[in-house]
Amino acid sequence: MNEDKTVTAEIVDGQKLSPITWVEKYADYLYHFAMMRLRDEEVARDLVQDTFLAALQQLSKFEGRSNEKTWLTAIIKNKIADFYRKQSSKKLRELGNAENEQRDFFESDSGHWNTSHEPQAFGLDAENPLLVKELGLILDDCLKKLPALWFSVFSMKHIDDLASAKICATLNLSDSNFWVIMHRTKLNLRACLQKHWN
């Protein structure tokens, strides 16, 4: 890559790319995007830097079908998926025979809670913004306590709204491993919320 490309704007298929302004314009956005999915400041910062570097290396591949922000977001999504994939390969051994642990809590045919273990109402007044905010903060703390793989699966499912099959493919999980992780996450979050919500 010649030095001019890193200093000046580049026009690709009618779209103007201006790498010199990326940090100023998009660093905070990409950092928050990564933090919502990773909960690790150092990893989020590293992935933002990796995103900018990958974008600079792929300037010639930019097809102009999206704007800079959308293109950079797609790159960081791929970086996050790569991070999840590495984490999942390290953590799969921990699942073992975890399906057996879930039998007491969930119906085997539907995956729904057994009546004796189903979550109880929190008594939250949804009209009270202070209580809703307090519950949100407690939930956020509970999410931070999840193991990395569990949080990865949970965030891909409930933040990114990805299909289970896509999550399994991205993280190299079997369907069984995916559901065990989701069940364990639900149990863990339920226990944490019940412990900390008065």
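Structure notes:
- Yes/no for ASP104 being modelled with pLDDT of 85 or more and outside the structural domain of VAL43 (by TED's automatic domain parsing): no
- Test result for SER164, in contact (Cβ under 8 Å) with a residue 12 or more places away in the chain, under 19 Å from ALA34 (Cα atoms) and small (Gly, Ala, Ser): no
- Pairs where the first residue, in region 24-43, is within 15 Å of ASP141 (Cα to Cα) and the second is in a helix (DSSP H, G or I) and small (Gly, Ala, Ser), C-beta under 7 Å, 6+ apart: MET35/ALA44; ARG37/SER155; LEU38/ALA44
- Positions within region 151-195 being hydroxyl-bearing (Ser, Thr, Tyr) and surrounded by 19 or more Cβ atoms within 10 Å (Cβ to Cβ), in sequence order: SER152, SER155, THR170, THR185
- Look at region 125-139: where a residue is in the same structural domain as LEU189 (by TED's automatic domain parsing) and in a helix (DSSP H, G or I) and a partner is aromatic (Phe, Trp, Tyr) and at pLDDT below 85, sitting 6+ places away or on another chain with Cβ atoms under 6 Å, you get ILE138/TRP197.
- Answer residue from region 35-45, given it is closer than 18 Å to ALA74 by Cβ and in contact with a Phe, Trp or Tyr (Cβ under 9 Å, 6 or more places away or on another chain) and is surrounded by the most Cβ atoms within 10 Å (Cβ to Cβ) among those: ARG37
- Conditions (1) of a type outside the set (Lys, Arg); (2) under 15 Å from the mean Cα position of the chain (by Cα); (3) within 26 Å of GLU42 (Cβ to Cβ); (4) at pLDDT 85 or above; number of the one not met by CYS192: (2)
- Test: residue in region 172-180 that is among the charged types (D, E, K, R), closer than 27 Å to VAL43 by Cα and modelled with pLDDT of 85 or more: no
The values are calculated or read from the model by the stated rules, or taken from the named source; none is laboratory data. Fair warning: this is a prediction, and the values are worked out from it, not measured in the lab. Don't worry about glycine lacking a Cβ; one is built from the backbone with ideal geometry, like all the others, and counts go over all protein chains shown.
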